[in-house]
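> Have a look at this one.
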Amino acid sequence: MYQDGNVRLLPITPHGLDWIPFGSSILIGQSNHMAVRPAAPLRNSDIDPKELTIQLTYWDGSVLSLKLDVTMKETTVIVSDAVYARSFSSNPFLTFRSMWVADGNADVDYVGWETLRGNSYAFFRKCISKHNTLSPKHRVKILD
């Protein structure tokens, strides 16, 4: 996680590799969606390495907790105890950012959901890409 709220979620590196190239990123926190490069600047982060949790405080006054769950198959970040300082009508609580040039040359070339106002969204490739071939797919689930 960077000081602007940008998060690079990567799975554990497969056997024989020492690095996975970054792919898409998720900006956790409220940002101005009209900005050239959206950001959710962090004021403070309190990390508990034993519990794998991070308490975040943003410059706009928003606060939230992150819980990391890392397995060989996937990396999950659970956001909880969120108190946002600004309205959702113009300030999203999460921004998905990715690179797409063409199908076959992208971090993500497909976005899927079942209903427009749903609570689960998938970001992935439908075809093999020559760009960041190991970068992960993402799923965002909004829980009660």
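The values are calculated or read from the model by the stated rules, or taken from the named source; none is laboratory data. Computed from a predicted structure; not experimentally measured. Virtual Cβ from ideal backbone geometry, glycine too; neighbours counted across all protein chains shown.
> How many residues are under 24 Å from L10 (Cβ atoms) and surrounded by 13 or more Cβ atoms within 10 Å (Cβ to Cβ) if we restrict to segment 53-99?
25
> Something else now. Only one of these is touching a residue at least 24 places away in the same chain (Cβ under 8 Å) and among the aliphatic types (A, V, I, L, M): V83, V63, V70. Name it.
Unique residue meeting the criteria: V70.
> Right, another one. Please state which one of K130, K67, K73, K126 is in contact with a Leu (Cβ under 7 Å, 6 or more places away or on another chain) and among the basic types (K, R).
Just a single option satisfies the conditions, and that option is K67.
> Next up: Within segment 75-96, how many residues are in contact with a Lys or Arg (Cβ under 9 Å, 6 or more places away or on another chain) and not aliphatic (A, V, I, L, M)?
2
> Tally up the residues in segment 108-120 that are buried (at least 16 other Cβ atoms within 10 Å of the Cβ) and either modelled with pLDDT under 80 or more than 23 Å from Q30 (Cβ to Cβ) (or both), please.
1
> Can we say L10 is in contact (Cβ under 8 Å) with a residue 40 or more places away in the chain and not acidic (D, E)?
Judged against the criteria, L10 is a match.
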